[in-house]
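Below is one structure, written out as structure tokens, with a few remarks after it.
Every read-out reported here was derived from the displayed coordinates using simple, explicitly stated rules and does not represent laboratory data. Here the structure is a predicted model, which is why all the values come from computation and not from measurement. So basically every Cβ, Gly included, is an ideal-geometry build from the backbone, and we count neighbours across all protein chains shown.
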Amino acid sequence: FSKYAEDPVAMIGIHKPSIHFYTKRFIYYERGGVEGIINLSQRLELENRSRGFNEARLNGMQSKNIIIIIDDNTSKFYHWNELNSEFIAEYGIYQVWRVNRSDLQKKADLLIKNGFYSTWQKFRPEKL
């Protein structure tokens, strides 16, 4: 991942929390459903995260791309499969893609236009 150090990282579908340990990076975890694309797009734009001692919004990193780690089954869902992505690598059941954030945003906007919505801001007691 060192080649893509400025790109935020997301894990979609089956989650492997140890990816955070191995990459030493903040990881966005999202479900593989349609709402996952919308959630990820909105979180990249709106959610504040700490990067060490320096509070910074991840979109302030000026990265135009995002690294997506996605399991094989989820990668076949039409809404993920239709993303214009650059294939980087494959590790076991996971694929690693690089996706332009504006393409991700366009896909999210299209899904919202078709009646889908985000779920990331809904109250979930398990997050307390």
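The range 87-124 and the range 3-19 have Cα centres spaced 13 Å apart. Counting 0.36 nm for each residue step from Phe87 to Lys122 and taking away their Cα separation leaves a gain of 9.4 nm. The modelled label-to-label distance between Phe21 and Leu110, using points 7 Å beyond Cα along the C-beta direction, is 3.9 nm. Approximating the spin labels as points 7 Å out from Cα along Cα→Cβ, the Glu6-to-Ser63 distance works out to 1.1 nm.
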